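The values are calculated or read from the model by the stated rules, or taken from the named source; none is laboratory data. This is a predicted model, so every value here is computed, not measured. Positions of Cβ are backbone-derived with ideal geometry, glycine not excepted, and every protein chain shown enters the neighbour counts. With ligands, DNA and RNA removed, areas are computed over all heavy atoms of the protein, side chains included. Shrake-Rupley method; radii C 1.70, N 1.55, O 1.52, S 1.80 Å.
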Amino acid sequence: MTNVTPGAGNYPPLGVGTIVGDSFRLFFSRFSVFFLLAFVPTMVVDLLLWLIVGPVAIVFADNPQALAEFLSTPEIVLVYALPFIGYSFAMALIVLAAYDARVNNQARVGAYFAVA
């Protein structure tokens, strides 16, 4: 019969400190890769949102009616969809990079974009 007692076998004890420590170690070991993978998609999304909402936001300050009109336009779908899609894409990139870092594979940024 197999021993299923916690801590039995060759496994290190699993605790919050171990998980957080390993996460930070992974993050800082490849900080430039993680920064690039998070920064680029986020900035693209933010730039697109600024192009859509930025000029309209100036009008909202003095004209609440303009806000009501904007909320009834098709662009509002983009305002909600772009961050969801962009940040999900960034998260996929980071997960792929974290997996490679965890198994000590070299970072393959181009492959991450292709897969994500």
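Give the angle, between 0 and 90 degrees and rounded to the nearest 10, that separates the Cα long axis of helix 16-29 from the longest principal axis of the Cα atoms of the chain.
Once rounded, the angle reads 70 degrees.
I'm a student and want to see the number: the projected area of the Cα convex hull of segment 18-116, averaged over all directions, in nm². Kindly include the intermediate steps, with their values, before the conclusion.
Numbers: hull surface 32.7 nm².
Result: 8.2 nm².
Among P83, S72, L49, which residue has its Cα positioned farthest towards the positive end of the charge dipole of the chain, with +1 placed on the Cβ of Lys and Arg, -1 on the Cβ of Asp and Glu, and the dipole taken about the Cα centre?
In the chain, that residue is P83.
With everything on Cα atoms, drop me the angle between helix 31-62 and the longest principal axis of the chain, reported from 0 to 90° to the nearest 10.
The angle comes out at about 20 degrees.
What whole-number value in Å² describes the accessible area per residue of segment 31-116 for a 1.4 Å probe?
Working: 5710 Å² over 86 residues.
Heavy-atom accessible area per residue stands at 66 Å².
Tell me what the chain gives for mean residue ellipticity at 222 nm when only DSSP H runs of n ≥ 4 count, each as -39,500 (n - 2.57), the sum divided by the residue total, rounded to 500 deg cm²/dmol.
Numbers: 5 runs with 89 residues, N = 116.
For the chain, the value works out to -26000 deg cm²/dmol.
Using a 1.4 Å probe on the protein heavy atoms, what percent of the accessible area of segment 26-104 belongs to carbon and sulfur? List each step's numbers first, then the result.
Details: 3970 of 5220 Å².
That fraction is 76 percent.
So what's the angle, to the nearest 10 degrees on a 0 to 90 scale, between helix 75-102 and the longest Cα principal axis of the chain?
Helix 75-102 sits at roughly 20 degrees to that axis.
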